1. Determine whether the stretch A:36-43 contains at least one residue that is closer than 26 Å to B:VAL17 by Cβ and surrounded by 14 or more Cβ atoms within 10 Å (Cβ to Cβ).
2. Among the residues of the stretch B:62-80, write down those that are within 14 Å of another protein chain (Cβ to nearest Cβ) and of a type in the set (S, T, N, Q).
3. Any residue at all in the stretch B:38-53 that is part of a strand (DSSP E or B) and more than 19 Å from A:GLY96 (Cβ to Cβ)?
4. Return a yes/no flag: does the stretch B:2-11 have any residue that is within 27 Å of A:ASP23 (Cβ to Cβ), in contact with a helix residue (DSSP H, G or I) (Cβ under 6 Å, 6 or more places away or on another chain) and of a type in the set (D, E, K, R).
5. Of the residues that sit in the stretch A:81-104 and are farther than 19 Å from B:LEU99 by Cα and out of contact with any helix residue (DSSP H, G or I) (no Cβ under 6 Å at 6 or more places or on another chain), which one is farthest from the other protein chains (Cβ to nearest Cβ)?
6. Do you know which of the residues in the stretch B:12-39 that are in contact with a strand residue (DSSP E or B) (Cβ under 9 Å, 6 or more places away or on another chain) and touching a residue at least 60 places away in the same chain (Cβ under 8 Å) is farthest from the other protein chains (Cβ to nearest Cβ)?
7. Give the stretch B:68-80 a look and list any residue that's assigned to a loop (DSSP other than H, G, I, E, B) and either of a type in the set (D, E, K, R) or out of contact with any helix residue (DSSP H, G or I) (no Cβ under 8 Å at 6 or more places or on another chain) (or both), or say none.
8. Taking the stretch A:43-74 as the region of interest, how many residues are charged (D, E, K, R), touching a Ser or Thr at 6+ places or on another chain (Cβ under 9 Å) and modelled with pLDDT under 95?
Protein chains: 2
Amino acid sequence: MRQLPQPSTADLDLVRVLSALADPVRLELVRSLAGVREPLSCNVDRFDVEVTAATLSHHWKVLRDSGITTTFASGRNRLVELRRADLEARFPGLLGAVLADSAR
Amino acid sequence: MRQLPQPSTADLDLVRVLSALADPVRLELVRSLAGVREPLSCNVDRFDVEVTAATLSHHWKVLRDSGITTTFASGRNRLVELRRADLEARFPGLLGAVLADSAR
């Protein structure tokens, strides 16, 4: 498994993170990832979102580029996980506040 | 002084609030408002942002429409204040997490 390129924790940018979170599909993906402790497959049928595979792939890229998720690749498989600790280190309380609302 | 139309606290939407915050100029305006206890004049020379008056006016509208600020109008004067309590009631911890980073 190799890790796809992503910004370092120190390089996480608040505006980019907020922009990435400011989308109902991406919020749902983040909520799904927050509910598990292991990386999840990126397959569209795993998530409760009504988008095409191409659109979902775009959303995963936005989340990775902003530093919200890490993506691992193995051949054609992709696993993704939330950068919980990195986000908490850089923006304490932000992810929790966002997830608290998503859980309503 | 009349209050310009704004969403009720119950109608505040996380995606709209995150979108409104996901802009460097609007983050700076929110940070400025967070530093005071009284409504501030909307005049461009009051804020440390390099935008035209028309652009600033647009940013104020985005902040108001998303429910982050209240705008009061009196003739041609506009005063704006942060909806601190409303935001905290609807999204506990969110504003604090965002402002903590802006203050770095």
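The values are calculated or read from the model by the stated rules, or taken from the named source; none is laboratory data. Everything numeric here is computed off the predicted structure, so don't read it as measured data. Because the Cβ atoms are built from the backbone with ideal geometry, glycine has one as well, and the counts that use them run over all protein chains shown.
1. no
2. Of everything in the stretch B:62-80, just one residue is within 14 Å of another protein chain (Cβ to nearest Cβ) and of a type in the set (S, T, N, Q), namely B:SER66.
3. yes
4. No.
5. Top of the filtered list is A:GLU81.
6. Selected residue: B:ALA34.
7. We begin by selecting, within the stretch B:68-80, every residue assigned to a loop (DSSP other than H, G, I, E, B); these are B:68, B:75-76.
Residues satisfying the conditions are B:GLY75, B:ARG76.
8. 2
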